Amino acid sequence: RSSGVRRINNAVRSLDWTLVKNVLNPPDGSDGVPFELCVATRDDWTRYVQSEQQALESRWMAWWDGRVFIVE
């Protein structure tokens, strides 16, 4: 595994899932926002998407401007 895939997986594994859920779907019913997971290069993200070793399926995530976000 590349260090980028490992870094993204480590970030996923260390998440406080209650916080993630509250950012994506706030308890007050307001609009949620993407949860910033970690910094990653486009190449790191591409390797993660292609990897079979994803700690969280990439379909729940997105890469924008050097950062990986959980979007759903």
>> Restricting to the stretch 8-49, give me the number of residues that are charged (D, E, K, R) and more than 12 Å from Arg67 (Cα to Cα).
In response: 6
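Check whether at least one residue in the stretch 5-23 is touching a helix residue (DSSP H, G or I) at 6+ places or on another chain (Cβ under 9 Å) and among the aliphatic types (A, V, I, L, M), and report yes or no. Let's see the steps before the verdict.
The first filter runs over the stretch 5-23 and keeps only residues touching a helix residue (DSSP H, G or I) at 6+ places or on another chain (Cβ under 9 Å), leaving 5, 7-9.
Okay, now just the ones that are also among the aliphatic types (A, V, I, L, M), so 5, 8.
The answer is yes, given that some residue of the stretch 5-23 is touching a helix residue (DSSP H, G or I) at 6+ places or on another chain (Cβ under 9 Å) and among the aliphatic types (A, V, I, L, M).
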>> Which condition from (1) of a type outside the set (Phe, Trp, Tyr); (2) more than 12 Å from Val5 (Cβ to Cβ); (3) out of contact with any helix residue (DSSP H, G or I) (no Cβ under 9 Å at 6 or more places or on another chain) is the one that Glu52 breaks?
In response: (2)
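No value in this document is a laboratory result; all are computed from the given coordinates. No experiment lies behind these values; they were computed from the predicted model shown. Don't worry about glycine lacking a Cβ; one is built from the backbone with ideal geometry, like all the others, and counts go over all protein chains shown.
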